[in-house]
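Undergrad: After the structure tokens below, expect a handful of questions from me.
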Amino acid sequence: MTLHPGTDSGSLDQLSAYIQEITEALAATTTQREVIEIVLTPAVKAIGASAGIVLSVDETDQQLKIAGSQGYEDGPPTLWQEGPIDDNVLIADILRMKEARYFEDAGALKAAYPELERRTDGLLPVANATLPMFLDGQPLGVIVLDFIEPHLFTPAERRFLKILSAQCAIALGRAQATVLLEAQVEVRTRQLKEEQAAQEAFVAFTEAVGSETELSALVRQAITVLQSRFPGSSVVYYEEEEALWKARFWSQDLHPALVEVITSGLPSETPLFAQVLQARQPVFTDAWNAEREGVASSEEYGAATNSPLLINGELRGLLAVGLRETRTWNDADRALVRAVGRSLNLALERTEIARQVMLQNAELQARTLALEAFSELTRDLGVTTDPLLLIRRAQEVVLPMLSDGAALYYVPEGDRWSCRVQHGTLHSPGLQAAVDAGLPYAESPNLLIPWTTGQPFYQDVYDRARAQLPSWLGHISASVALPLRVEGQLTGLLVFVLYHQRTWTSVDRVVLETAVQSLELALDRAAKTRRVDEERTALEAFTRFTEAVGSEADVQALVRRAITLLEDTCEVEAAYFQRDGDVFKVTVWSPQFDPTLLPLLQQGFLLQHSGIAKVLRQNTAAYIDHWNDTGLLIEETGVYRAVAGYPYQVDGALESVLMIGSKTTATWDERTRGIFRAVGRSLDLALDRARQTQTVTAQRDALEASMQELQAFSHSVSHDLRTPLRHMTGFLHLARTSLDGKLDERSARYLDVVEQAGTEMNTLIDAMLDLSRAAQQDLRPRIVDLSKLMTHIQATLVPDMLTRNVQWEVAPMPEVWGDWDALTRVMTQLTENALKFTRGCDPAVIRVRGEDQGEAWKVSVQDNGLGFDPRYQDRLFNMFQRLHSTKEASGTGVGLASVRRLILKHGGQVFAEGQVGEGATFGFTLPKRDPGGQL
């Protein structure tokens, strides 16, 4: 760069000229050295510095490096040395603050950073300018200019130096990017060369093998390709056999001693094998050592590698390469080995796929034949749902597809295997007699094994010794037992035995297992069809009973209806037993009941001693087939061959039982079971409704009586108490007026107490009268939207809550059938109670919920307030009952009583739940609107 002699180096024009020349020169730079030379010399001369230096930052280890300097002579150490950034506090501060620092007078630098003097044995520059260089927010280094005389940095010079440091940072960044790009280009060029070589090897192998599927030909071709790429190398292909890796194919250059070693087999613990087995990818070993690697007679090799060959994730073989002329693997050679190994792997996978396709085609053809044969079985569903008939049809379809044999269907019964269906002759009277009598369960392993494992059990050679059966089984050569499931449950074994020696082929297995799958589908569908029929019959019985009883509430009438329906649909005799102390006595029975048995049942019996008691504890219908004992401890019940019972509980205790008995059949079929369950459940619901009706009726009767008493009492209160109470409060006011200023403090307090008591008495009378009016109020029922009702109540309560932190959680509420005004009073009372008992809570949490309980709506208001002792919850809805003192919460004890009366008038119930200090929940239930729109 050319300087202009005779001009003022610090003038604005001259500095601008320097910047212009420096910018043009930097545009052509490509290296860091060129950037430093272009920047440093003009900077020193432009502002008259004695020396200058550029320090670069290495962010990896936070070190300063000298990138270039000018004007420093050899001699005493300067302040600017290479080393950790933190060792030079001035530069560390400048890089942290990202601002230049200027020291113009002698001693200014020492005053700012006294610790720097030690770095130069007291030799510090008189004046100094240090400028940071940043690019994209990252520090690149600093430019330092030293002066031997004081120097005043003019605004023009400071601007010049700021622009200079920015230009230098940009040029250095560009130079670094150029170096990085060149390195990347070099690496990528080398990679491309390696990939090209590997690709050529891959193509060479692929072209050589073509569509070859023979393993030996594929491996030999791989050996040829590798030896052509690695002259003087050896190649071996290993497969595992009996925990040893044995050579199957190898190049012809191997020494006989080494061939003997590798064909005898190397253990998996051999280092090179162990590494491949763990990594499942090629492993390369440099500086081969035969003793260390555990492969005898391999001393002539310098490097080796092993590549795994995987098919469907399973390790099938290992391809090993040994190099004689080199001791290290370079990247290109590694890539080439990987390419050939990958090519061989793909070829082996192609071979395996071809084999699988051939096998699948054969199995598919066999499966198609089996399905075609089973289409006839599927058509049989249209005429039968009998499972045994379907199993016989399956045996008839499958057996002709096998050689001469027989088909049997076994189910376990107790300690025997019972043959339910047989197709074909067994060719042995002794064997047929044994099958007819039932094979011993534990001594028939050919059946026990597939039954316990749930898997098909094939025997190519029938194991007579294992079966422990007589010699007359000698004509059986092969057998298979296939588990049969219906709707996922194991039900029996489908067995085929063959009389001519043969091996079960994969096609045989496909045919048999396809047959079982088809048969299971047919049985599932048949079971569903039967169940639908049974459910329809049960539903019809349920509907008939429900229609017959209507709104009947008399228990005897309900039971008679149920017994009549059971007699008409199931051909049984029925009786209804009710608890009387510790015994159960018959109260309703079938007209045709045995007259000799009836008196015994009317005397009663202890249910817990009967044969049906245990199953009745499950609280559902109980069935006992083969009723062959004394049953109810009454010998005369032996006339029944099967018995069933349906329990009825009240508050968890068994109170009655509906029982049926059959004199004609020893087992209950599914149809009868379904009808009995439906009728029993229907009667249960009807009895529960009857009990609820009786309870509600009793409550309403009690309520009416209470209302009449309340009306009389309210009349007495309004006429007999109101007048003397007014006299008392009036004269109390007159006394205060006449004694104004003459009362001492104690007397005034006495009068306050009397006045407060009168006020409370008046409030209590108002509450009682309000309760009386609520009890007499006629309801005007209609559809009431409880969500809108709650919104209205919250709006009216807003003024009372302005000074409180109340958290509302109101869920979507149902529409109910009731009186708007009455339900508003109820919800207002419950909500105000919740607010009253949460005055000490911050926040007060009020939760309002509506739940569908089937025949009724349940509405609750929950709070996090004082709560109450649950032992006294029955008192809460009674008149004048309070569980809290007036200091804890005010009130008259009448509000909840009013709620109870209004809800009872709606046909509902009230409830309360709580714990002391844990809040409370108050609520009620409302019956849903009946079809006539009545409560």
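Undergrad: List the residue pairs whose Cβ atoms are under 8 Å apart, where the first residue sits in segment 779-802 and is charged (D, E, K, R), the second is at pLDDT 85 or above and not in a loop (DSSP other than H, G, I, E, B), and the two are 6 or more positions apart or on different chains.
TA: ARG780/TRP820; ARG780/ASP821; ARG782/TRP817; ARG782/GLY818; ARG782/TRP820; ASP785/GLU815; ASP800/LEU835
Undergrad: Moving on. Looking only at residues that are of a type in the set (D, E, K, R) and within 15 Å of LEU123 (Cα to Cα) in segment 145-159, which one is surrounded by the most Cβ atoms within 10 Å (Cβ to Cβ)?
TA: Just the residues of segment 145-159 that are of a type in the set (D, E, K, R), to begin with: 146, 149, 157-159.
Subsequent filtering for residues that are within 15 Å of LEU123 (Cα to Cα) retains 146, 149.
On the way: ASP146: 25, GLU149: 10.
Among them, the one singled out is ASP146.
Undergrad: When segment 879-912 is examined, which residues are found to be within 27 Å of ARG804 (Cβ to Cβ), at pLDDT 65 or above and assigned to a loop (DSSP other than H, G, I, E, B)?
TA: Scanning segment 879-912 gives a single hit, VAL894.
Undergrad: Picking from GLY680, GLY661, GLY638, which residue would you name as being in a helix (DSSP H, G or I) and in contact with a strand residue (DSSP E or B) (Cβ under 6 Å, 6 or more places away or on another chain)?
TA: Details: GLY661 fails: in a helix (DSSP H, G or I); GLY638 fails: in contact with a strand residue (DSSP E or B) (Cβ under 6 Å, 6 or more places away or on another chain).
Checking each option against the conditions leaves just GLY680.
Undergrad: Looking at SER772, SER787, can you tell me which residue is at pLDDT below 90 and assigned to a helix (DSSP H, G or I)?
TA: So the residue among SER772, SER787 that is at pLDDT below 90 and assigned to a helix (DSSP H, G or I) is SER772.
Residues checked against (1) modelled with pLDDT under 75; (2) exposed (fewer than 15 other Cβ atoms within 10 Å of the Cβ); (3) more than 23 Å from ASN833 (Cβ to Cβ):
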residue: ARG726; (1), (2), (3): yes, yes, yes
residue: HIS733; (1), (2), (3): yes, yes, yes
residue: ASP752; (1), (2), (3): yes, yes, yes
residue: MET768; (1), (2), (3): yes, no, no
residue: ILE793; (1), (2), (3): no, no, no
residue: LEU802; (1), (2), (3): yes, yes, no
residue: VAL806; (1), (2), (3): no, no, no
residue: ALA811; (1), (2), (3): no, yes, no
residue: PRO814; (1), (2), (3): no, no, no
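Undergrad: Out of the residues in segment 265-293 that are of a type in the set (Val, Ile, Thr) and outside any loop (DSSP other than H, G, I, E, B), which is farthest from ARG334 (Cα to Cα)? Talk me through it step by step, then tell me what you get.
TA: Taking segment 265-293 and keeping what is of a type in the set (Val, Ile, Thr), we get 270, 276, 283, 285.
Still in the running and outside any loop (DSSP other than H, G, I, E, B): 276, 283, 285.
Numbers: VAL276: 15, VAL283: 9, THR285: 11 Å.
Checked segment 265-293; the qualifying residue farthest from ARG334 (Cα to Cα) is VAL276.
Undergrad: Which one is nearest to ILE353 (Cα to Cα) among residues in segment 309-334 that are charged (D, E, K, R) and surrounded by 15 or more Cβ atoms within 10 Å (Cβ to Cβ)? Give the derivation first.
TA: Keep residues of segment 309-334 that are charged (D, E, K, R), which gives 314, 316, 324-325, 327, 331, 333-334.
Of the ones still in play, those that are also surrounded by 15 or more Cβ atoms within 10 Å (Cβ to Cβ) are 316, 324, 333-334.
Numbers: ARG316: 14, ARG324: 37, ASP333: 30, ARG334: 28 Å.
Going through the qualifying residues, I end up with ARG316.
Undergrad: Still on this model: Determine whether segment 248-262 contains at least one residue that is closer than 18 Å to ALA339 by Cβ, in contact with a Leu (Cβ under 9 Å, 6 or more places away or on another chain) and not polar (S, T, N, Q). So that I can check it myself, show each step before the final result.
TA: We begin by selecting, within segment 248-262, every residue closer than 18 Å to ALA339 by Cβ; these are none.
Scanning segment 248-262, I find no residue that is closer than 18 Å to ALA339 by Cβ, in contact with a Leu (Cβ under 9 Å, 6 or more places away or on another chain) and not polar (S, T, N, Q), so the answer is no.
Undergrad: So, one more: Answer yes or no: is there a residue in segment 247-266 that is at pLDDT below 85, within 53 Å of the chain's Cα centre (by Cα) and either among the hydrophobic types (A, V, I, L, M, F, W, C) or surrounded by 12 or more Cβ atoms within 10 Å (Cβ to Cβ) (or both).
TA: Taking segment 247-266 first, the residues at pLDDT below 85 are none.
No, because not a single residue in segment 247-266 is at pLDDT below 85, within 53 Å of the chain's Cα centre (by Cα) and either among the hydrophobic types (A, V, I, L, M, F, W, C) or surrounded by 12 or more Cβ atoms within 10 Å (Cβ to Cβ) (or both).
Undergrad: Out of everything in segment 8-18 that is farther than 19 Å from GLN70 by Cα and assigned to a helix (DSSP H, G or I), what residue ends up being modelled with the lowest pLDDT? First the steps, then the outcome.
TA: Narrowing segment 8-18 to residues farther than 19 Å from GLN70 by Cα: 8, 10-17.
Going one step further and asking which of them are assigned to a helix (DSSP H, G or I), we end up with 12-17.
Numbers: LEU12: 72, ASP13: 76, GLN14: 79, LEU15: 81, SER16: 81, ALA17: 81.
The qualifying residue modelled with the lowest pLDDT is LEU12.
Undergrad: Quick check, is ASP852 modelled with pLDDT of 90 or more, charged (D, E, K, R) and surrounded by 20 or more Cβ atoms within 10 Å (Cβ to Cβ)?
TA: Values: modelled with pLDDT of 90 or more: yes; charged (D, E, K, R): yes; surrounded by 20 or more Cβ atoms within 10 Å (Cβ to Cβ): no.
No; evaluated as a whole, the condition is false for this residue.
Undergrad: Right, next: What number of residues in segment 382-411 are under 27 Å from ASP460 (Cβ atoms) and either of a type in the set (Ser, Thr, Tyr) or touching a residue at least 60 places away in the same chain (Cβ under 8 Å) (or both)?
TA: Qualifying residue count for the region: 17.
Undergrad: Hey, can you tell me all the residues within segment 123-144 that are free of Cβ contacts under 8 Å to residues at least 40 places away in the same chain, surrounded by fewer than 20 Cβ atoms within 10 Å (Cβ to Cβ) and under 18 Å from ALA51 (Cα atoms)? Explain how you work it out, then say what you get.
TA: Within segment 123-144, the subset free of Cβ contacts under 8 Å to residues at least 40 places away in the same chain is 126-128, 131-137.
Filter once more, keeping what is surrounded by fewer than 20 Cβ atoms within 10 Å (Cβ to Cβ): 126, 134-137.
Within segment 123-144, just VAL126 meets the criteria.
Here is a yes/no grid of residues against (1) of a type in the set (Lys, Arg); (2) modelled with pLDDT under 80; (3) within 14 Å of ASP146 (Cβ to Cβ); (4) not assigned by TED's automatic domain parsing to the domain that holds ALA175:
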position: MET1; (1), (2), (3), (4): no, yes, no, yes
position: GLY6; (1), (2), (3), (4): no, yes, no, yes
position: THR31; (1), (2), (3), (4): no, no, no, no
position: ALA43; (1), (2), (3), (4): no, no, yes, no
position: GLY48; (1), (2), (3), (4): no, no, yes, no
position: ALA51; (1), (2), (3), (4): no, no, yes, no
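Undergrad: Which residue out of ASP874, ASP869, ASP863 is modelled with pLDDT of 85 or more and out of contact with any His (no Cβ under 7 Å at 6 or more places or on another chain)? Reasoning before the result, please.
TA: Numbers: ASP874 fails: modelled with pLDDT of 85 or more; ASP869 fails: modelled with pLDDT of 85 or more.
Step by step, each of ASP874, ASP869, ASP863 is checked, and only ASP863 is modelled with pLDDT of 85 or more and out of contact with any His (no Cβ under 7 Å at 6 or more places or on another chain).
Undergrad: Could you tell me whether any residue of segment 699-712 is under 51 Å from the mean Cα position of the chain (by Cα) and modelled with pLDDT of 65 or more? Give the steps one after another, and end with the answer.
TA: Filtering segment 699-712 for residues under 51 Å from the mean Cα position of the chain (by Cα) gives 699-700.
Retained after the next criterion (residues that are modelled with pLDDT of 65 or more): 699-700.
Yes, some residue in segment 699-712 is under 51 Å from the mean Cα position of the chain (by Cα) and modelled with pLDDT of 65 or more.
Undergrad: When you scan segment 439-558 for helices (runs of 4 or more DSSP H) that lie fully inside it, which ones turn up with 3 or more residues that are modelled with pLDDT of 80 or more, among the aliphatic types (A, V, I, L, M) and touching a helix residue (DSSP H, G or I) at 6+ places or on another chain (Cβ under 7 Å)? Give the steps one after another, and end with the answer.
TA: On the way: elements: 445-453, 464-467, 506-549.
Fully inside segment 439-558 and qualifying: 506-549.
Undergrad: Still on this structure, I have one more. Mind telling me which of the residues ASP87, ASP105 ends up being farther than 20 Å from SER165 by Cβ, touching a residue at least 40 places away in the same chain (Cβ under 8 Å) and either in the same structural domain as GLY173 (by TED's automatic domain parsing) or within 60 Å of the chain's Cα centre (by Cα) (or both)?
TA: On the way: ASP87 fails: touching a residue at least 40 places away in the same chain (Cβ under 8 Å).
From the options ASP87, ASP105, the qualifying one is ASP105.
The values are calculated or read from the model by the stated rules, or taken from the named source; none is laboratory data. All figures in this text were calculated on a predicted structure; none of them were measured in a lab. In this analysis, Cβ positions are derived from the backbone assuming ideal geometry, glycine residues included, and neighbour counts consider all displayed protein chains.
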